[in-house]
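S.K.: Structure in structure tokens, see below.
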Amino acid sequence: MLLIATFITFWAAAEVTNPLDALATCATCDQSAYDRLIDLYELDKSVPERYVSWLGDFVSGDMGQATSQGERPVSEIFWERGLNTLYLAGPAFILLTILGTFAGVYSALRQYSAGDYAITGISYLGLAMPTFFFGLLLQVVFAIWVPKYLGFKPFWSSGMHTESPLQLLRSLVLPVTTLMFVLLAGDSRFIRAAVLDIKSADYIRTARAKGVSERKVITKHLFRNAMIPAITLWSLNAAALFGGSLITETIFSWPGFGRLLIDATFAGDLDLTMAIVFAITTLVVLFNLLADLLYGLVDPRIRYD
Amino acid sequence: MTDALTERPGDLDNEIEIVEDRLVNDMGLSDKPESLGRQAWERFRRHRLAILGMVLLIMLTLAFYIGPFFVAFEIEEINILDRSQGPSWKHPFGTDDLGRDLLARTLRGGQFSLRIALFTALLATTIGMIVGAVSGYFGSVIDGVLSFFVNVMLTIPVLLLLIIFGRQFGARPNTMAVLIGLTAWLRASRLVRAQVLQLKEMEFVQAARAAGAGAGRIISRHLLPNLVGILLVEITLLAGTAIILESTLSFLGLGVQPPDTTLGTLIAEGKGSLDVRPSRVLIPGGIVTIIILSINFVGDALRDAFDPKSGTE
């Protein structure tokens, strides 16, 4: 499955990206430059052959050279940028899980209350707002309006500042919020529906009839069962966060995977493009698999043969 | 005697009421199910939003298509003297750095965004419908191959594919629509396949087969008409997705290129002057959000209307 998925992306990238384009505008390059690139990417061979040879190198740790980044080995840039993306995706994932669950459960238990309406309204807005627009909106508010009218700048609106933990935190707030927002809207809706579904189940009524305290009904009976579908949701979220980081990183000039990928496709840097595409596709497939496995683990009624 | 006879039913009623009251109040069975009124109110509320969404969509469409006749400027008309201005009476939305009127450009951008959305949704739903119906109806090897392909494609993040291909095909509105359409049909095909699998076992399909109808006729005359509701909902929701994808691609610089424009392209052009004139981003961005919000409201209500069991709440 994974092999086919990465082959399709490799094929797509190979069809569209022509590293030779970059040389067309280069006046000082002679035939040897062409030959070097053809040799580097094995352009004279067929796509499946190139894929096998690329995959072989990749698995043995040789990710090739990044022609758009001064010929540095891809692996070096790869881990460096990947770690930066993790700085965004990690906190976003933790916050997303906590806030999404809280908002969903709260709004289901207090159905039709003012809080429920507020959460529902915000999540509708979140689902309708493209990520990049929300990010730009945050920039307008926190980087332009707040400094203009209040006279100070609470958060960095661009780049990654690593001088001190506090600076890192200041530069993380806006991108993490952006990354989280759209998914948060979907999550809270999903968990709200799951809890509502269970709230009227017979065993909850039985528990109440037995005289179980309201607190225990919620924590032991309701919450636990509502978390079964939520586990799938979380695994899918982890995958979606890597996709979402493509856009968020562009808005906030964050030196991670996303920005790198877009630069690489523009530069026709095939090895770099493929390394990132491969990494993201692999993560998505693995998280999907994890979702399936966890699902069976949590709910013994589900069995895989 | 007569008194007793007429009184007894009343007593019984009373007694039942008392027992009920006791059950409800004293024995903790007060967790009453959602009342009909509440459910009706829920439906009403949602549909009212859907009507609001419809009205907003119609108004925006009219504005995008009729509006340009009332704007004194062409989308490509360059007025160097008026460049980079804020909103004024002459240019209600201001001008860009070449002095082009942003109201005219926003209306044109809206036209293209809506057109791409509609075209994409129709294309994706059509492909999904055909693949799903064939796969579900014929089963066995054909289904195996098609389903496997769909599942593999679903694991590849859409945005990745769009970024890879966007540079080559994203620049013109029509190729952009085809590109997004070709990546967005997977979910529709899974939906249709699941439905067809159920429907094909039903009596009316067997009757048609017994009467000698061929596969093509059964699919097009007997199966697909039963899916109209689902497909309509899918078209609506896909249109929303398409607008998000299109504007995202345009924002990344992989989308429709000037002088043509979409709302996403306008945002991308405006983000450079975010600190001076945020309205260049806020206006098209706000319009995109309103369009998608309206589409989602309409889509939810449609799903409710066609499939009350799905329970969107």
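S.K.: Please verify whether the range A:206-226 includes one or more residues that are of a type outside the set (Phe, Trp, Tyr), under 19 Å from B:VAL158 (Cα atoms) and touching a residue at least 40 places away in the same chain (Cβ under 8 Å).
M.R.: There is no residue in the range A:206-226 that is of a type outside the set (Phe, Trp, Tyr), under 19 Å from B:VAL158 (Cα atoms) and touching a residue at least 40 places away in the same chain (Cβ under 8 Å).
S.K.: Moving on. Taking the options B:LEU302, B:LEU245, B:LEU249, B:LEU266, name whichever one is in contact with a Ser or Thr (Cβ under 7 Å, 6 or more places away or on another chain) and buried (at least 24 other Cβ atoms within 10 Å of the Cβ).
M.R.: B:LEU266
Yes/no matrix, rows are residues, columns are (1) out of contact with any Gly (no Cβ under 6 Å at 6 or more places or on another chain); (2) not in a helix (DSSP H, G or I):
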residue: B:LEU223; (1), (2): yes, no
residue: B:LEU227; (1), (2): yes, no
residue: B:PRO259; (1), (2): yes, yes
residue: B:ILE267; (1), (2): no, no
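S.K.: Oh, and also: Of everything in the range B:274-305, what is closer than 17 Å to B:GLY240 by Cβ and at pLDDT below 80? Give them in sequence order.
M.R.: B:ASP300, B:ALA301, B:LEU302, B:ARG303, B:ASP304
S.K.: Further, regarding this structure: On the given criteria, is B:VAL150 among the β-branched types (Val, Ile, Thr), touching a helix residue (DSSP H, G or I) at 6+ places or on another chain (Cβ under 8 Å), surrounded by fewer than 23 Cβ atoms within 10 Å (Cβ to Cβ) and within 25 Å of B:THR261 (Cα to Cα)?
M.R.: In short, no.
S.K.: Within the set of pairs 6 or more residues apart or between chains, which connect a residue that is at positive phi inside the range B:216-234 to a residue that is of a type in the set (Gly, Ala, Ser) and surrounded by fewer than 18 Cβ atoms within 10 Å (Cβ to Cβ) with Cβ atoms less than 8 Å apart?
M.R.: Listed by first residue and then by second, the contacts come to nothing, as the list is empty.
S.K.: Assess whether B:LEU123 counts as being within 14 Å of another protein chain (Cβ to nearest Cβ), assigned to a helix (DSSP H, G or I) and touching a residue at least 60 places away in the same chain (Cβ under 8 Å).
M.R.: It is false that B:LEU123 is within 14 Å of another protein chain (Cβ to nearest Cβ), assigned to a helix (DSSP H, G or I) and touching a residue at least 60 places away in the same chain (Cβ under 8 Å).
S.K.: Name the single residue that is surrounded by the most Cβ atoms within 10 Å (Cβ to Cβ) among those in the range B:176-221 being polar (S, T, N, Q) and more than 30 Å from B:PHE112 (Cα to Cα).
M.R.: B:GLN195
S.K.: Could you check, for the range B:240-255, whether at least one of its residues is without any contact (Cβ under 8 Å) to a residue 24 or more places away in the chain and in a helix (DSSP H, G or I)?
M.R.: Yes, because at least one residue in the range B:240-255 is without any contact (Cβ under 8 Å) to a residue 24 or more places away in the chain and in a helix (DSSP H, G or I).
S.K.: Let me ask another. For the range A:68-164, list the helices (runs of 4 or more DSSP H) that sit wholly inside it and hold at least 2 residues that are modelled with pLDDT of 80 or more; which are they? Show your work before the answer.
M.R.: Details: elements: A:74-109, A:114-128, A:131-139, A:146-150.
Per the criteria, A:74-109, A:114-128, A:131-139.
S.K.: In the range A:173-218, which residues are among the acidic types (Asp, Glu) and over 24 Å from the mean Cα position of the chain (by Cα)?
M.R.: Passing the criteria: A:ASP197, A:ASP202, A:GLU214.
S.K.: Let me ask you something else. Test B:THR248 against the stated conditions and say whether it is of a type in the set (Ser, Thr, Tyr) and away from every other protein chain (no Cβ under 12 Å). Give the steps one after another, and end with the answer.
M.R.: Details: of a type in the set (Ser, Thr, Tyr): yes; away from every other protein chain (no Cβ under 12 Å): no.
Considered against the rule, which asks whether it is of a type in the set (Ser, Thr, Tyr) and away from every other protein chain (no Cβ under 12 Å), B:THR248 comes out as no.
S.K.: Another question about this same structure. Just one of A:VAL140, A:VAL176, A:VAL146 is crowded, with 18+ Cβ neighbours inside 10 Å and more than 30 Å from A:VAL285 (Cβ to Cβ); which is it?
M.R.: On inspection, the qualifying residue turns out to be A:VAL140.
S.K.: Just to be sure I understand, how many residues within the range B:181-198 are touching a residue at least 12 places away in the same chain (Cβ under 8 Å) and farther than 12 Å from B:SER135 by Cα?
M.R.: 8
S.K.: Something else now. Here is a check on your reading of the model: is B:VAL178 touching a Gly at 6+ places or on another chain (Cβ under 9 Å), β-branched (Val, Ile, Thr) and in a helix (DSSP H, G or I)?
M.R.: Criteria not met by B:VAL178.
The values are calculated or read from the model by the stated rules, or taken from the named source; none is laboratory data. Since this is a predicted model, take the numbers as computed values, not measurements. Neighbour counts run over all protein chains shown; Cβ positions are idealised from the backbone, glycine included.
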